[in-house]
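S.K.: I'd like to ask some things about the structure below.
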2 protein chains.
Amino acid sequence: MPRRVDHAERRTEIAEALVRVAGRRGLHAVGMRDVAAEAGVSLRLVQYYFETKEKLLLFGLEHLTGKFGERLSARMRAAGDAPGPRATVEALLTTALPTDEESRTFHHLYTSYAVLAVTDRTLAAQPFIRNPDAAEGAVTDILRQAQAAGLLQPGVDAQLAAAGLLAMSAGLGTSILVGQRTPESAAAVLDDHLNRVFRTVDTDG
Amino acid sequence: MPRRVDHAERRTEIAEALVRVAGRRGLHAVGMRDVAAEAGVSLRLVQYYFETKEKLLLFGLEHLTGKFGERLSARMRAAGDAPGPRATVEALLTTALPTDEESRTFHHLYTSYAVLAVTDRTLAAQPFIRNPDAAEGAVTDILRQAQAAGLLQPGVDAQLAAAGLLAMSAGLGTSILVGQRTPESAAAVLDDHLNRVFRTVDTDG
DNA sequence: AACATCATGATACGTTCGTACCACGAAACC
DNA sequence: GGTTTCGTGGTACGAACGTATCATGATGTT
């Protein structure tokens, strides 16, 4: 045989090529040949590592969400040192906004997959549809802890507030994506809303 | 010639067929032949009334947003009789949620078009991308009036609050669409948020 | 050294899609 | 009443796409 090649690594490379080209031209416009060209391999190789296009797309989605999850937890870790729960939540939510090219691509493709999931039961069964629930649980926990520490405005329901925050963040992300809104104004909207959930910090002591 | 036929009406019929079939199978999966079959006409006719597929899609988008705008203003008018600004805003936002089949289709296709608009400059230039700004202006106005009447919580910025409300509503809509959330829980989240914007009505006097 | 197997290339096949072409009947207009 | 124009049908064409097939070199294994 030829030198044994790392299949997992190769599949990752191809999946990243898929994400790149789909980010540029749209998921609907990407074919096997485009992915092959972007990855610098032959069409046959894409077929070899992913037998069918559906499997390629599925793996591409896994890769996309995996990469984004890493990015998100990295930012959370970085922001989780000093500051309070508000900074943590804010870091989480602004990371989810399409500010740079990477997060733009993520939002774009994630939304594309979501749309496909409406009519494709295989995609609908994919965990990426369940993952936001995990994020919602995480935010709810943070809010609950903050509430126990007396950091929230009175009368806030942690779970409802968490769901609202994530939904707003997602909606703002789409607005940015289609050019309706700048990342700065979206951040301002988010910040304003956080002021209505968190007790305003008195910086003057 | 044969009997002169109402072009506008015919185009509307075909556009509605497009919306129906795209709502069922997804916008990405719909072809000219599918639209023709759904409308009960020949492929040639679809070509005749819309020379190209792009024009058909564009007109379909116009029709979609037009119909939804009518539905929305109808609900606003119905809800605009007795109650205060909160009821008006709530009616506007819950109308935007994909609760019944019609609004589900609207959300589904609207999001599909939005995704396409990311990579298609013709679609990106379409007014449907600007319309939300109009909605935002309307909500902002209502909130400003409510604020002048002392109906809002203190410290609320009308414009930021309006943007946040619409973004949240859109995000919740997507959640419902992909089955992450029930319409009821989405409405609860929205209601909770409105309680943080509007002064709570004292029903007991 | 022989052989089985893995990795890769080139290319062909069948389908589908958007569009174009050709044809023809029917009504409006001069 | 002839002719032009509108509406409609059928069908063909070229491209692209996903997939399958055939071929072959390289490398482990025995």
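S.K.: Step by step: find N for the stretch B:1-51, compute 2.2 N^0.38 Å, then divide the Cα radius of gyration by it. What's the final number?
M.R.: After normalising by residue count via 2.2 N^0.38 Å, the value is 1.14.
S.K.: Write down Rg/Rh for the stretch B:40-120, rounded to two decimals, with Rg from the C-alpha atoms and Rh from the Kirkwood relation over Cα pairs.
M.R.: 1.12
S.K.: For the stretch A:146-205, what's the relative contact order in percent, using C-alpha pairs closer than 8 Å and at least 6 residues apart?
M.R.: Relative contact order comes out at 46 percent.
S.K.: Express in whole angstrom the spacing between the alpha-carbon centres of the stretch A:42-61 and the stretch B:1-47.
M.R.: Each part's Cα centre sits 34 Å from the other's.
S.K.: Give me the lysines in straight-line cross-link reach of A:Lys67: C-alpha distance below 26 Å, same-chain residues under 8 apart excluded.
M.R.: Straight-distance partners of A:Lys67: A:Lys53, A:Lys55.
S.K.: To one decimal place, what Kirkwood hydrodynamic radius in Å is obtained for the stretch B:132-187 from all pairs of distinct Cα atoms? All intermediate terms of the calculation are to be shown ahead of the outcome.
M.R.: Values: mean 1/r = 0.0815 Å⁻¹.
Roughly 12.3 Å, rounded to one decimal.
S.K.: Can you list residues whose amide H is under 5 Å from B:Phe198's amide H, if they're 5+ apart or on another chain and H is modeled 1.01 Å from N?
M.R.: B:Gln153
S.K.: Which of A:Ser169, A:Ser175 comes first, and how do the rest follow, when ranked by fewest Cβ neighbours within 10 Å?
M.R.: Ordered by Cβ neighbours within 10 Å, fewest first: A:Ser169, A:Ser175.
S.K.: Quick test of the membrane-span-like rule: which DSSP H helices of chain A reach at least 18 Å along their long axis (C-alpha atoms) with mean Kyte hydropathy at least 1.6? Walk me through the intermediate numbers first.
M.R.: Values: long enough: A:7-25 (27 Å, -0.71); A:53-79 (39 Å, -0.22); A:101-119 (28 Å, -0.09); A:131-148 (26 Å, -0.37); A:158-177 (28 Å, 1.46); A:183-197 (21 Å, -0.18).
Long hydrophobic helices here: none detected.
S.K.: Can you tell me how the stretch A:90-205 classifies by the Cα gyration tensor, rounded, prolate or oblate, using a/c under 1.5 as the rounded cut?
M.R.: Here the stretch A:90-205 falls in the oblate category.
S.K.: Over what distance in Å are the Cα centres of the stretch B:92-132 and the stretch A:94-155 separated?
M.R.: 20 Å
S.K.: Normalising by the residue count of the stretch B:1-51, find the relative contact order in percent from Cα pairs under 8 Å and 6+ residues apart.
M.R.: In percent, rounded to a whole number, it is 35.
S.K.: Another question about this same structure. As a test of the formula, what do you get for chain B when each DSSP H run with n ≥ 4 contributes -39,500 (n - 2.57) and the sum is divided by the residue count, at 222 nm and rounded to the nearest 500 deg cm²/dmol? List each step's numbers first, then the result.
M.R.: Details: 10 runs with 148 residues, N = 205.
After summing the helix terms and dividing by the residues of chain B, the value is -23500 deg cm²/dmol.
S.K.: Treating only the Cα positions of the protein assembly as shown as identical point scatterers, give the base-10 log of I(q)/I(0) from the Debye formula at each q in 0.10 Å⁻¹.
M.R.: Relative scattering, expressed as log10 I(q)/I(0), comes to -0.74.
S.K.: Under a point-charge model restricted to the Cβ atoms of Lys and Arg (+1) and Asp and Glu (-1), what is the dipole moment magnitude of the stretch B:64-197 relative to its Cα centre, in debye to the nearest 20? Write out the running numbers ahead of the final one.
M.R.: Numbers: 11 positive and 14 negative charges, 34 e Å.
Result for the stretch B:64-197 is approximately 160 debye, rounded to the nearest 20.
S.K.: How big is the Rg/Rh ratio for chain A, C-alpha atoms only, Rh by Kirkwood, two decimals? Please report the intermediate quantities before stating the final value.
M.R.: Details: Rg = 19.8 Å, Rh = 18.8 Å.
Value, to two decimals: 1.05.
S.K.: For the stretch A:1-97, what is the convex hull volume of the alpha-carbon atoms per residue, in Å³? Present the calculation step by step, with values, prior to reporting the outcome.
M.R.: Working: hull volume 10.9 nm³, N = 97.
Measuring per residue, one finds 112 Å³ for the Cα hull of the stretch A:1-97.
S.K.: Return the loop-located trypsin sites (Lys or Arg not before Pro) in the stretch B:131-205 (DSSP other than H, G, I, E, B) with at most 16 other Cβ atoms within 10 Å of their own Cβ; answer none if there are none.
M.R.: Sparse-neighbourhood loop trypsin sites (Lys or Arg not before Pro): B:Arg199.
S.K.: If you don't mind, another one. Between copies, how far does the label point of A:Gly179 sit from its twins, in nm, shortest first, when each point is 7 Å from Cα along Cα→Cβ?
M.R.: 3.5
S.K.: Also, I was wondering about something else. Report D for the stretch B:109-154 in µm² per second (integer): Stokes-Einstein, Kirkwood Rh on Cα pairs, 25 °C, 0.890 mPa s. Working shown, then result.
M.R.: Details: Rh = 12.5 Å.
This corresponds to a translational diffusion coefficient of 197 µm²/s.
Throughout, read-outs are computed from the coordinates displayed, never taken from laboratory work. Just so it is clear, the model here is predicted, and its values are computed rather than measured. All Cβ positions, even for glycine, are placed from backbone atoms using ideal geometry, and neighbour counts span all protein chains on display.
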